[in-house]
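Contents: one structure, followed by commentary.
The values are calculated or read from the model by the stated rules, or taken from the named source; none is laboratory data. Fair warning: this is a prediction, and the values are worked out from it, not measured in the lab. Because the Cβ atoms are built from the backbone with ideal geometry, glycine has one as well, and the counts that use them run over all protein chains shown.
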């Protein structure tokens, strides 16, 4: 898997549907808000990237809205059909 360093944090690109991941696009949107999350999910809508943070299911901060095991539900319900998506996992 590809390793990417952004803002002093190393991530692993674990999913890249549509070969859409762009480090430059993510760097334009990412803030320290995402530092706490175990994963960062991104999808493209209208040529713009949207980011959402997720936790491992075993993380005590995980709730249904940000538990990685519900990622497919989020994609189905909140992303455009056939949207290009990617998933970054923080290296611990």
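Overview of results
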| quantity | calculated |
| --- | --- |
| Index of the failed condition, residue 90 passing every other in (1) at pLDDT below 95; (2) under 16 Å from residue 9 (Cα atoms) | (1) |
| In segment 72-92, residue surrounded by the most Cβ atoms within 10 Å (Cβ to Cβ) [restricted to those that are farther than 18 Å from residue 20 by Cα and in contact with a strand residue (DSSP E or B) (Cβ under 6 Å, 6 or more places away or on another chain)] | 90 |
| Where residue 59 falls short, out of the listed (1) outside any helix (DSSP H, G or I); (2) surrounded by 16 or more Cβ atoms within 10 Å (Cβ to Cβ); (3) without any contact (Cβ under 8 Å) to a residue 24 or more places away in the chain | (2) |
| Residue list for segment 23-51, restricted to those being assigned to a loop (DSSP other than H, G, I, E, B) and loosely packed, with under 13 Cβ neighbours inside 10 Å | 31, 46, 47 |
| Whichever residue in segment 31-41 is farther than 11 Å from residue 71 by Cα and touching a strand residue (DSSP E or B) at 6+ places or on another chain (Cβ under 6 Å) and, among such residues, is modelled with the lowest pLDDT | 34 |
| Any hit, segment 4-13, residues being under 19 Å from residue 83 (Cβ atoms), in a loop (DSSP other than H, G, I, E, B) and at pLDDT below 95 | no |
| Which numbered condition residue 79 misses (of (1) under 17 Å from residue 15 (Cβ atoms); (2) more than 10 Å from the chain's Cα centre (by Cα); (3) modelled with pLDDT of 95 or more) | (3) |
| Test result for residue 54, touching a helix residue (DSSP H, G or I) at 6+ places or on another chain (Cβ under 7 Å), surrounded by 17 or more Cβ atoms within 10 Å (Cβ to Cβ), modelled with pLDDT of 95 or more and assigned to a strand (DSSP E or B) | yes |
